[in-house]
1. If you place +1 on the Cβ of every Lys and Arg and -1 on the Cβ of every Asp and Glu, how big does the dipole about the Cα centre of the chain come out, in debye to the nearest 20?
2. For helix 176-185, what angle does its Cα long axis make with the longest principal axis of the chain, in degrees from 0 to 90 and rounded to 10?
3. Using the Karplus curve 6.51 cos²θ - 1.76 cosθ + 1.60 with θ = phi - 60°, what ³J(HN,Hα) values do you get for each residue of the range 318-323, in whole Hz, with x for Gly and Pro?
4. Of all the Cα-Cα pairs you can form in the range 180-235, what percent are over 15 Å apart?
5. Would you please give the FRET efficiency between Glu5 and Lys324, computed as 1/(1 + (r/R0)^6) with r the Cβ-Cβ distance and R0 = 25 Å, to the nearest 0.05?
6. From the alpha carbon gyration tensor of the chain, can you work out the equivalent ellipsoid semi-axes (sqrt of 5 times each eigenvalue) and give them in Å, largest to smallest?
7. Just to confirm my numbers, what's the Cα centroid distance between the range 1-18 and the range 303-337 in Å?
8. For the pair Glu69 and Leu262, how long in nm is the line joining their label points, each one 7 Å along Cα→Cβ?
Amino acid sequence: MNSNEIYVLYGNQPVKMAKEILEAVKLADSIPKDAKIGIKPNLVVAKTPDSGATTHTELIEGVVQYLKEHGFDRIILLEGSWVGDSTQRAFKVCGYDRLTKEYGVPLFDTKHDTFVKRSYGGIDMEVCSKALEVDFLINMPVLKGHCQTSITCALKNMKGCITDREKRHFHSLGLHRPIAYLNKIRCADFVLVDGLCGDLDFEEGGNPVQMNRVIAGTDSVLIDSYAANLMGYTIDEIPYIGIAAKEGVGSCDLDNAEIIELNHDESKTTIQPTRRVKQLAGYAAPKDACSACYGNLIYALNRLEEKGCLYDLNGKIAIGQGYKGVQADGIGIGNCTLGFTHCVKGCPPKAVDIVNFLSKL
Ligand code: SF4
């Protein structure tokens, strides 16, 4: 695949989705034949993936199945939970031990790995040896909010490849610069984003928003630029993206990116919304809304609340296939509401477009 391409696949069957999107991008053709492959999930805390914090086990399983079916056998998982939690506990809670047993894929806890000192831009870093040793690194972040950097996706997920001492050091430096520089030292060769149900605004989970999608690409900066827009942020609002682009890690030029949607989301929301998500959903009037569309709206409403303009909304926002062909005076989200006087076009529209449109209204 070309570096300016981003593939998106909607659905809610992770094993099948992982294999389908990897076939579409022909990942096996980009990996050297007897390469040692590292898969880097997000196991920041010991919480199950439905909390919105961690990478779905079944998505990893789909990737492992695909790689094995294409003759790759030297596969490892590498991850280190955040300071204060145990990777081994997260591994068990999320059911990753089953992957080890069934597929013979070992987990390397980066907290206990040896490290190599590397330097970039005047920052010395302790980078775990395994992350540098693997020939091909597949990054599998969760698309979710973050209390300090607003979003976390591909670039920030690489923070699991440094020592705990280095994680503390990163925080003392304000995160953005070191995150970008770490990716200059070791960036993923391929990114498969778990966008099934990431958290609204907190990396630790608790308010999952069903988004029902996976996103694939080779440029971590471009993936994060796209992810920022999906969650209602402009690229400028996430400083580490711009820094990484400036340092040559990748491109944040979404205008010249090719977004290839392999299907359309038609699945309905199945996750029980938390109180916080329900509160935001109170501004919407859904009728048969696809979960990807609805998830984007929830992220957009969260952003509008942060900006202090949510309470100015007059009337409820229409969203969903039940509004197809309806002519009405009001606000609608997505092409299904083209008959509304104010409509954010797209199928589904990105959260950043919803935020811009509603802010102007
Ligand atoms: S615009 Fe309609 S069909 Fe398209 S994602 Fe939204 S609800 Fe679904």
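1. Working: 40 positive and 45 negative charges, 135 e Å.
In total the dipole reaches around 640 debye.
2. Between helix and principal axis, roughly 50 degrees.
3. Once θ is set to phi - 60°, the couplings for the range 318-323 become 7, 8, x, 5, x, 9 Hz.
4. On the way: 869 of 1540 pairs.
Above the 15 Å cut-off, the range 180-235 has 56 percent of its Cα pairs.
5. Values: r = 30 Å, r/R0 = 1.22.
Given R0 = 25 Å and the Cβ-Cβ separation, E is 0.25.
6. Values: eigenvalues 230, 94, 70 Å².
Semi-axis lengths for the chain are 34, 22, 19 Å.
7. For the range 1-18 versus the range 303-337, the Cα centre distance is 28 Å.
8. Distance between the two pseudo-spin positions: 1.1 nm.
Every read-out reported here was derived from the displayed coordinates using simple, explicitly stated rules and does not represent laboratory data. A quick note: this is a predicted structure, and the numbers were derived from the prediction, not measured. Note that we place each Cβ from the backbone using ideal geometry, even for glycine, and neighbour counts take in every protein chain shown.
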